[in-house]
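See below for the structure under consideration.
The values are calculated or read from the model by the stated rules, or taken from the named source; none is laboratory data. None of these values were measured; they are calculated from a predicted model. Using ideal geometry, Cβ is built from the backbone for each residue, glycine included, and neighbour counts are taken over all protein chains shown. With ligands, DNA and RNA removed, areas are computed over all heavy atoms of the protein, side chains included. Shrake-Rupley method; radii C 1.70, N 1.55, O 1.52, S 1.80 Å.
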Amino acid sequence: MRTTGIFKTAVAATALACTLAACGGTTESGGDGTGAVNPNGEFVIASITVPSGFDPHKELHGGERPFWFLVFDRLTQMNTQGEIEPMLATEWTVAEDGKEVTFTLRDDVTFNDGSAFDAETVKANFERAKSIEGSMVLPALETVDSVEVVSPTEVKFVLNTSNPELPAILAGPAGAMISPDAVKNKTDLSLDPGTAGSGPYKVAKFTPSEGVVFSQADDENWDEDAGQLKKLEFKFIPDERTLVSAVRAGEIDAGYISPFRGASIKEAEGIAKQGKYNLKTSPSGVLNATLLRTTRLDKDVRQAIIQAVDRKQIAEGLMQGTCSASDQVTREGFAGHIEDFEDPFPYDPAAAKDLLAKAGEKNLKIEIGYIAGRDEIPQVIKENLGEVGVTAELSPLSSVEVLSAWRAGDLDVWNYQATPDLSFKLSADQLLNTTGVDMKDQAVLSAVASTLDVVDDADRAEADAAAMQKVIDEAVVVPYCHFDAHWLVAKDVSGFDEAMLPYAQYMLDLRDVARTQ
């Protein structure tokens, strides 16, 4: 079995582990819950997202994973160091040519509806994921031609090209396992997944736009450490002031602290010093950035925008040190990070003016979309662009509205976050597709695709970095800094450190969280 994922091989994963250790692993004020588990424990967590549904194969965005992770297990899983580990699969082997990956499966797993998990289940889920209307995992499974049952506990993925990232991909929605009865009966899992999962929890109540309540599954879970809460509730609290008020009132046991305002982190530190909460901080791969749409802005204009923006002012000034400054897309320790990186588009307003003149853009006007309430960075961008003769109109929208406007092609620029996926290729493709890069006959596309041909971990790290350099050279993103995850967590909560997954600052797998007494 070889460890894979969005981190560059075991060496880089070890380096990241050192980075975590340097900042206290997950840094905190005070200790974690270490007493005996409370069998009647309840846990309430404030969430900045709510799911559109619970069908993992129809996942609309990564923010839905903390919800369906509790219900549906995957073949593999990611740990806090970004390494891919066994889950429903105990090990895997890769054929010499990289075109077959054989997984050995657990033989002690039963779905909550009573049906057994076996190789036939994996095959049925693969066929469902590839054929169901509205499937969102087709890009993740594009290299998989078929799944063959070798024995009840052994299944072979047959690929049309080598893909060393497959075990990592199967730690997400593409590897989620739904009970064979639910697959056969074409059960609608959107609003109520019922007992179709093998996870430790089931949905007790789902109120769209408000929250989700989970209760323990009826039977003992195959994972003895999972499902130790009698009740687990997500409350949708997108407003920062409401969140802080709920924390101070003791109404929630954990809450995400947005890093967009340095003052928010300082306030959370103050709350932690009062003794009831720990402030837990952990690095993530999420990039604070501005995305540039290639179908509306040509390359000279995109490069001019990048060189006109004072990124140091944003990363070190506005963010007050709560975000790790970066001139490149990928954080150190993640696949695609470039050692000894030289920024091809450094801050240079004079160069920006020359590029705009070359492009014949004397009175360029652009629209910048962003989430309402996060005005500071767009305002700096507007001022910087004004200095080189570009007029920027700011469009504050809700998170749903700005995403819809961007997908519809109605915005030139989107000040948001670039979030890595579980594999380098998926992450790079997502960035290129999101920014509108023409994916036909592009050298950058070929470079990204070619990384799958490299099976050796060390060689693949170099190939990933080379491909990411080509992505950066497309001038599709203005990078500022990489976010850390910040959570206020009640002191009698255990298992939260292990719940924080590093590829997104909001990414949690709360299956092992418990309350202590």
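For the stretch 82-225, the dipole from Cβ point charges (+1 on Lys and Arg, -1 on Asp and Glu) about the Cα centre works out to 560 debye, to the nearest 20.
Couplings 3J(HN,Hα) of the stretch 485-501, computed from phi: 8, 10, 9, 8, 9, 4, 5, 9, 9, 10, x, 6, 4, 6, 7, 7, 9 Hz, in residue order, whole Hz [Karplus 6.51 cos²θ - 1.76 cosθ + 1.60, θ = phi - 60°; x for Gly and Pro]. Note on E316 and S190: their simple-model spin labels are 5.1 nm apart, each label 7 Å out from Cα toward Cβ.
Here the stretch 432-500 and the stretch 286-311 have alpha carbon centers that stand 18 Å from each other. Listed by chain and number, the lysines whose alpha-carbon sits under 20 Å from that of K312, ignoring those within fewer than 8 places in the same chain, are K353, K382. In order along the stretch 393-403, phi translates into HN-Hα couplings of 9, 8, 10, x, 9, 5, 4, 5, 5, 5, 5 Hz, rounded to whole numbers, per the Karplus curve 6.51 cos²θ - 1.76 cosθ + 1.60 with θ = phi - 60° and x for Gly and Pro.
Using 0.36 nm per residue and subtracting the Cα-Cα separation, the extra length available between S404 and A36 on full extension is 127.8 nm.
Cα centroid separation, the stretch 132-170 to the stretch 354-394: 43 Å.
Look at the dipole of the stretch 285-390 built from charges on Cβ: of A350, V390, A325, the Cα furthest out on the positive end belongs to V390. Ligands, DNA and RNA left out, the 1.4 Å accessible surface of the stretch 248-335 is 42% carbon and sulfur atoms. Scanning residues 5 or more positions from V286 or on other chains, those with amide H under 5 Å from its amide H are F483, Q505, with H placed 1.01 Å from N in the peptide plane. Only protein heavy atoms count here; under a 1.4 Å probe, C323 has an accessible surface of about 10 Å². Couplings 3J(HN,Hα) of the stretch 186-202, computed from phi: 6, 5, 7, 9, 4, 9, 8, x, x, 10, 7, x, 10, x, x, 10, 10 Hz, in residue order, whole Hz [Karplus 6.51 cos²θ - 1.76 cosθ + 1.60, θ = phi - 60°; x for Gly and Pro]. Using the Cβ-Cβ distance between V149 and D459 with R0 set to 41 Å, the FRET efficiency from 1/(1 + (r/R0)^6) comes to roughly 0.80.
Rolling a 1.4 Å probe over the protein heavy atoms gives the stretch 421-474 an accessible area of 41 Å² per residue.
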